[in-house]
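J.: Before I ask anything, here is the structure I am working with.
The values are calculated or read from the model by the stated rules, or taken from the named source; none is laboratory data. Keep in mind that what you see is a predicted model, and the values were worked out from it rather than measured. Please note: Cβ atoms are built from the backbone with ideal geometry, for glycine as well, and neighbour counts cover all protein chains shown. Accessible surface is based on the protein model in full, side chains and every heavy atom, while ligands, DNA and RNA are left aside. Shrake-Rupley method; radii C 1.70, N 1.55, O 1.52, S 1.80 Å.
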Amino acid sequence: MLNDPRSHGLWEMTAPPAPSTEMLQEGVSAQVAIVGGGYTGLSAALHLAEAGADVVLLEAQEFGFGGAGRNVGLINAGMWVMPDDFPKELGPQYGERLLELLGNGPYLVRDLIDRHNIPCELERNGTLHLAVGDEGLKELAERAAQWQTRGAPVSLLDAVETERRVGSAAYAGSMLDMRAGTLQPLAYARGLARAAIDAGARLYSKSAVLDHQERNGAHVLRTARGEVRADWVIVASEAYSSGPWEVIRKEQVYLPYFNLATTPLPREQQQLILRGREGCWDTREILSSFRMDQAGRLVFGSVGALRGTGTSIHKAWARRSIRRIFPQIADIPFEAEWYGMIGMTDNALPRLHKFAPNVLGFCGYNGRGISPGTTFGKILAEHILGRVAEKDLPLPITDPKLPAVRSVKEAYYELGAQVAHFAGERF
């Protein structure tokens, strides 16, 4: 995409082709108009169309263009926030409701993949949150205990079992979450798009929304060459928002994140690391993540952008880190590199906005887009269909809230990641 191999990297190299779609070039009407072709928009389109609703989805670029096509591919449950902190932040009613919904989110992802035969390299063996030192292990012990009190299938593993699963002695332990897993994120987005089209949704690419107006009780969305008239609008453009709802992007702080993919490891080396194909990330403030794809490539990432001086700094850091964590596969070459932007809210929790009557949207996934995006898309569909009342939505409706000194924070994150990686941050 964008004629830039650093935009979507390995995922564009290995994903099945996107379904054939065209630019909107006429005036159309629909019951529901959806803005954005990531997980939220595509999930909403699929669930609405399956229920018989008339749906039009407008994507500014291509399906999966934003975070949906650039992320690591971890299907996580919950958010970064500790489970017990959900009700503290949102109140007991919304907090526990959201926690249960997002805790079960990975099961919805699996179900959609299975029902629609989406080829996206799904792995169901869980994820490992890796403890760096005693403090990291203490944090994971508390997180595991809070999930376990809610009946979640998570367990705290000691250093020996962690080493057996990961193939590295670098960690003091880990939390295994069997709800979670990994997938090929762009392939999943394209699969959702194809399923939505098959269900009857009308999907348009290269059709950015330039203007929104209310006319005679309906919402009119104008693109460069067409317009959509609808009763409802779902705003699902998230951190890559522009146009009428650019405020969604402005209320989030961009955190850059990059990934590097090795060439496929020889089969004997694949038996030495991540034999169960669990997705992994660690407890460091500037975290690292890694996982294997089905061809045996190691996908290794961290905070930072592959541009300017960051390109050489982050790639050199990744080579050192892989050599330190996995000396048994040292010096394996990289085959692909890419990066994207994570939208972060000030409390690390998502938000629900009503921009106008019958115009709703979730945002602020904080690096957890696959499961929450899929889940929130379904919830918005059920609300429009009359199955979920507004009072029963998983978040309170709030106005957009712009963070202080956003640009300064974004520059700090990008520069700080370079400084930490240049210094060769140690365990």
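J.: Whenever you get a sec, compute what percent of the accessible area on region 352-427 sits on carbon and sulfur atoms (1.4 Å probe). Provide the component values of the computation, followed by the final result.
T.: Numbers: 2000 of 3490 Å².
Accessible surface attributable to carbon and sulfur in region 352-427 totals 57 percent.
J.: Which one of GLY41, GLY308, PRO357 has its Cα pushed farthest toward the positive end of the charge dipole of the chain, where Lys and Arg give +1 and Asp and Glu give -1 at the Cβ?
T.: The one lying farthest along the dipole's positive direction is GLY308.
J.: Quick one: accessible area per residue over the chain, 1.4 Å probe, rounded to a whole number of Å²?
T.: On the way: 16580 Å² over 427 residues.
In whole numbers, the chain has 39 Å² accessible per residue.
J.: Would you mind checking the pairs LYS206/LYS409; LYS138/LYS315; LYS138/LYS378; LYS206/LYS250 and listing those with alpha carbons more than 28 angstrom apart?
T.: From LYS206/LYS409; LYS138/LYS315; LYS138/LYS378; LYS206/LYS250, over 28 Å: LYS206/LYS409; LYS138/LYS315; LYS138/LYS378.
J.: Going from most exposed to least, what order do ASP4, ASP158 have by accessible area with a 1.4 Å probe? Spell out each step's value before the answer.
T.: Numbers: ASP4 65, ASP158 90 Å².
I get ASP158, ASP4, largest accessible area first.
J.: Relative to the longest principal axis of the chain, what angle (0 to 90°, nearest 10) does the C-alpha long axis of helix 39-50 take?
T.: 50 degrees
J.: Leaving ligands, DNA and RNA out of it, report the carbon-plus-sulfur percent of the accessible area of region 155-216 at a 1.4 Å probe. It would help to have the intermediate numbers written out before the result.
T.: Working: 1100 of 2310 Å².
Within region 155-216, the accessible surface is 48 percent carbon and sulfur.
J.: Considering only the chain, what is the antiparallel percent among its DSSP beta bridges, to the nearest 5?
T.: 70 percent
J.: If the cut-off is a Cα-Cα distance under 12 Å, which aspartates and glutamates reach LYS401, setting aside same-chain residues fewer than 8 apart in sequence?
T.: Candidates past the 8-residue exclusion: GLU251, ASP346.
J.: Report the extension gain between ALA389 and GLN271 in nm, rounded to one decimal, defined as 0.36 nm multiplied by the number of residues separating them, less their alpha carbon distance.
T.: Details: separation 118, 0.36 × 118 = 42.48 nm, distance 5.00 nm.
Residue separation times 0.36 nm, minus the Cα-Cα distance, leaves 37.5 nm.
J.: Also, I was wondering about something else. Could you pull out the GluC sites (Glu not before Pro) across region 20-70 that fall in loop regions by DSSP (anything but H, G, I, E, B) with no more than 15 other Cβ atoms inside 10 Å? Spell out each step's value before the answer.
T.: Working: sites: GLU22, GLU26, GLU50, GLU59, GLU62; in loops: GLU26, GLU59, GLU62.
Sparse-neighbourhood loop GluC sites (Glu not before Pro): GLU26.
J.: Right, something else. Return the single residue from ASN76, ASN366, ASN347 with maximal mean-square fluctuation; model: Gaussian network over the chain, springs between Cα atoms under 10 Å.
T.: Of the options given, ASN347 has the highest mean-square fluctuation.
J.: Using a 10 angstrom cutoff on alpha carbons, build the Gaussian network for the chain and name the most mobile of LEU380, LEU272, LEU140.
T.: Fluctuation is largest for LEU272.
J.: Could you check how much of the accessible area of region 6-76 is carbon and sulfur, as a whole percent, using a 1.4 Å probe? Numbers along the way, then the final one.
T.: Working: 940 of 2090 Å².
Of all accessible area on region 6-76, carbon and sulfur atoms account for 45 percent.
J.: PRE reach from ASP231 (point 7 Å along Cα→Cβ): which of region 189-217 fall under 15 Å by backbone N?
T.: Only 217 fall inside the zone, counting backbone N under 15 Å.
J.: Something else: Between VAL419 and HIS116, what is the FRET efficiency for a Förster distance of 45 Å, r being their Cβ-Cβ separation, to the nearest 0.05?
T.: Numbers: r = 44 Å, r/R0 = 0.99.
With R0 = 45 Å, the Cβ-Cβ based efficiency is 0.50.
J.: Additional query: Taking H as built 1.01 Å from N, whose amide H comes closer than 5 Å to the amide H of GLY167, not counting residues under 5 places away?
T.: Here the answer is LEU274, since their amide H atoms fall under 5 Å of that of GLY167.
J.: Same structure again: Quick check for me: using +1 on Lys/Arg Cβ and -1 on Asp/Glu Cβ, what's the dipole size of the chain about its Cα centre, in debye to the nearest 20? Before the final figure, lay out the partial values.
T.: Numbers: 45 positive and 49 negative charges, 105 e Å.
Once rounded to the nearest 20, the dipole reads 500 debye.
J.: OK, next. Need the C-alpha centroid separation for region 178-197 versus region 35-54, integer Å.
T.: 14 Å
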